[in-house]
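Quick notes on the structure that follows.
The values are calculated or read from the model by the stated rules, or taken from the named source; none is laboratory data. Quick caveat, the model's predicted, so the values are computed rather than measured. We place every Cβ from the backbone using ideal geometry, glycine too, and count neighbours over all the protein chains shown.
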Amino acid sequence: MLLWFIGTALAAMWFTFRDPVIDHRLVVLGALLPDAIDGSIRGAPILHTLAAPIVLMMALMICTIGRRRVRRRGLAVPIGLFWHLVFDGAWMNTEVFWWPFAGLSIGDTAIALYDRPPLLVIAMEVMGLALFVWSWYLMGLREPDRRSLFLRTGHLDPAITNNRTRS
């Protein structure tokens, strides 16, 4: 799934943080990474565990001491990983989600994507597309200057996040 995680990550970021300077492109990247990595390799779905974004965030915090700008930019990826876990329903698989706290073995446990009926996946992708389009308009990205800022930096126009949108 691609559009489901793009749309949900953008909409969730909008309604949760409304942070104009977080790199929303990296949030989307973080939201797509678990399926891209865990889905492409056979074995343990490590990025579908709660431990993955926590360890990544801790490593980022330690490695960026004194480099606030790099830290702020990098935090977008683990935030995206957290969004993936939420919108993938990862918590429904205790063995994977709580690894290693629920046991050290997750073996070849299938990730949620592979357990869903095809019609559900299609419906989720359609909803993801709708959320993406809605977020695009909500964030004012139909305007060329705002879209250019977003595509170059991942940032939003601060006027948008303060509810002072232009028509």
In region 41-70, what residues are surrounded by 13 or more Cβ atoms within 10 Å (Cβ to Cβ), modelled with pLDDT under 95 and either touching an Asp or Glu at 6+ places or on another chain (Cβ under 9 Å) or more than 22 Å from E95 (Cα to Cα) (or both)?
A44, P45, I46, L47, H48
Examine region 20-33 for a residue that is of a type in the set (D, E, K, R), assigned to a loop (DSSP other than H, G, I, E, B) and modelled with pLDDT under 90, and state whether such a residue exists.
no
Between residues in region 61-76 that are in contact (Cβ under 8 Å) with a residue 24 or more places away in the chain and residues that are surrounded by 11 or more Cβ atoms within 10 Å (Cβ to Cβ) and among the polar types (S, T, N, Q), which pairs lie under 8 Å by C-beta distance while being six or more apart or on different chains?
G74/T64
Residues of region 113-149 satisfying the condition of being of a type in the set (D, E), under 26 Å from I37 (Cα atoms) and modelled with pLDDT under 95:
D115
